[in-house]
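To keep things clear, I will list the structure first and then write my remarks on it.
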Amino acid sequence: MICMSDSEFVPSEAQVSAAFSYAGLTISPDRLAANYETYSATLALIRMASPPGLGETVPAVAFKASWT
Amino acid sequence: MELYELSLTEVSEKIRTKEVSPVDVTQSALARLEEVEPTLTAFVTTTPELALEQAKIAEQEISDGKYRGPLHGVPLAVKDLYDTAGIRTTSSSAQRSDHVPTADSVSVAKLYEAGMVLIGKTHTHEFAYGATTPTTGNPWAPDRTPGGSSGGSGAAVASGVVHVALGSDTGGSIRIPAALCGTVGLKPTFGRASRVGVASLSWSLDHVGPLSRNVVDSALVMAVMSGYDRTDPGTVDVPVPDMVTGIDAGVAGKKIGIPVNYFTDRVATEATQAASTAAATLESLGAELVEVTIPMAEHIIPTEWAIMMPEATAYHMDYLRDSPEKFTDETRTFLEVGAAQLATDYINALRLRTLIQAAWRDMFASIDVLLAPTLAAGAALRSDPFIRWGDGTVEGATPAYVRLSAPANVTGLPSLSVPAAFTADGLPLGVQIIGKPFAEPEILQFGYALEQNTDVVGRIAPVV
């Protein structure tokens, strides 16, 4: 059974900065600081879609092997 | 009465019987455009010369006995996300300010084939990534947002320039402007119509469909746009039904789900009241109201954003790395978030989507359709795009609007927004009817029943 995560994940500014660097984006320190609240709040919301207990559930994907 | 003020059905019949020419109809649309566009800025590009050329061709074809059907010679506006051959297609972004496609999107090609006449390309919230369309005013109150992302299309229809405009809907972007501008808006079932040639926001959540003045207009246009397309892997190879015949079948004996959660949380009293009144109207016509609990409600919005954001970033990654300064700051910030998201969070959201779909299928076992407010509130001020709730909390307009429209994107179910009321301030409110997969004809019947038994559908904003 799936459930909501017990503790809310909120990435630190350093974690967000590292993720941007790894993704190949150039984000200035000023820009990072100015938008950190939006970045962290949105990533926290997104993490809520990754709850424990998903078990054997398969993803809803569109790939079909048919050639027609 | 000017031609643009007639309903699409009336105009279409006059064209068919040669009482009026498509040229007359197009000139009326262009005259209305000239009146309202300085106030609304609904269009990125207008195409008066092309429109008159297409109208003259239509006139000649009809004169020669080659009548194509009820959309022949009828004006159309197209969201600037849709490719149009030889016509600048910007997605309302500096990234594509000079982009001129060489081919039409599938939907535009089909509607040209049906004989429609292009008036112009309408503004979108940049790349459809937002629900306010800052460039454009709401025809009922130009200092307020028309919604978005298909805000220009909503404004073009509500102001009477066109009967039909195309939109796209990833989290509500057809239904949000439809509700805020007082038009009909149809998001079909995921897979009903091809998205080929339409700039993507999220391949897994994008839908194409119409905004229109009346319900039957959406039925006519959606039927033409529909159909399997092997080049869009999201489309489903199912027959396209006649969406117009039987639209007046009524709702007697149908079961309408009335949510007791989710669609009731943080919703303006007037929006709740509009949905209750619509439900009562349908009940008076013989439908049965059944209270239902929305399953997995707490997972819907996280799932929507967790799927949409990385897909949008993937689509825009080259721009984001090479010319990020050409995005508006809002769009750039969203795209940056998507780059920082874990792949596992994306995949788990897709797994949640599987569970949400199954839970909603179970909920629909006891009902035919679900009826709910389209949006939590009416149109916000363009200068202050926030919703202020009674408990003192402040919510951005985009997340506030998307909350009630996103369920139909996550589930892929068809949803029709129909004008339901006006606020005390004179702003439109909508209700949405969500149906079972590929049940567009059924939700259109509900919308038609509401239209026929209320006086708020089909109005043209005066634009003052």
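Read-outs throughout are calculated quantities, based only on the coordinates presented, and are distinct from any laboratory measurement. Predicted model only: the values in this text are computed from it and were never measured. So basically every Cβ, Gly included, is an ideal-geometry build from the backbone, and we count neighbours across all protein chains shown.
A few comments on the model shown:
- Based on Cα contacts under 8 Å between residues 6+ apart, chain B shows a relative contact order of 17 percent.
- Overall form of region B:194-267 per C-alpha gyration tensor (a/c, 1.5; a/b vs b/c): oblate
- Working from label points 7 Å from Cα in the Cα-to-Cβ sense, the B:SER323 to B:ALA424 distance is 4.9 nm.
- Our estimate of slack between B:ALA314 and B:ASP248, defined as 0.36 nm per intervening residue step minus the Cα-Cα distance, is 19.4 nm.
- Calculated P(r) tail over 18 Å for region B:275-326, as whole % of Cα pairs: 63 percent
- Where the alpha-carbon atoms of chain B are placed on the principal axes, they occupy 59, 57, 45 Å, in descending order.
- Span from the region B:272-296 Cα centroid across to the region B:306-343 one, whole angstrom: 39 Å
- For region B:106-176, convex hull volume per residue from C-alpha positions, Å³: 85 Å³
- Fewest-first sequence of B:SER7, B:SER91, B:SER218 by Cβ atoms within 10 Å of each Cβ: B:SER7, B:SER91, B:SER218
- Tensor-based shape of chain A (alpha-carbon gyration tensor, a/c under 1.5 rounded, otherwise prolate or oblate): oblate
- Other residues with beta-carbon under 13 Å from the beta-carbon of A:TYR36 carry, at +1 per Lys or Arg and -1 per Asp or Glu, a net charge of -3.
- A:ALA44-B:GLN273 FRET efficiency (beta carbon distance; Förster radius 30 Å; 0.05 resolution): 0.35
- Crossing angle, helix A:29-47 versus chain A [Cα axis fit, 0-90 degrees, rounded to tens]: 30 degrees
- Proxy reagent accessibility, fewest Cβ within 10 Å first, across B:ASP368, B:ASP229: B:ASP229, B:ASP368
- B:ALA421 long-range amide H proximity, modeled H, under 5 Å: B:LEU429
- For B:GLU2 and B:SER284, the FRET efficiency from 1/(1 + (r/R0)^6), where r spans their Cβ atoms and R0 equals 30 Å, is about 0.30.
- Beta bridge orientation in the protein assembly as shown: antiparallel %, DSSP, nearest 5: 70 percent
- Extension reserve of the B:GLU49-B:THR9 stretch, reckoned as 0.36 nm per residue once the Cα distance is removed: 11.9 nm
- All alpha carbon pair distances within region B:350-464 were sorted into 5 Å bins beginning at 0; the resulting P(r) in whole percents reads 2, 10, 17, 19, 18, 15, 12, 5, 2, 0.
- Cut-off 13 Å between beta-carbons: net charge of the residues surrounding B:PRO101, Lys and Arg +1, Asp and Glu -1: -1
- Once the chain from B:GLU113 to B:ARG388 is taken as fully extended at 0.36 nm per residue, the excess over their C-alpha distance is 94.4 nm.
- Per-bin percent of Cα-Cα distances, region B:412-453 [10 Å]: 31, 44, 21, 4
- Cα gyration tensor, the protein assembly as shown - rounded (a/c under 1.5), prolate or oblate: prolate
- Pairs of Lys in the protein assembly as shown closer than 24 Å at Cα, counting only those 8 or more apart or on different chains: 26
- Its Cα gyration tensor gives region B:14-67 an equivalent ellipsoid. The semi-axes, each the square root of 5 times an eigenvalue, are 26, 12, 7 Å from largest down.
- Scanning residues 5 or more positions from B:SER200 or on other chains, none has an amide H under 5 Å from its amide H, with H placed 1.01 Å from N in the peptide plane.
- Radius of gyration over Kirkwood radius for region B:307-349, both on Cα atoms: the Rg/Rh ratio is 0.99.
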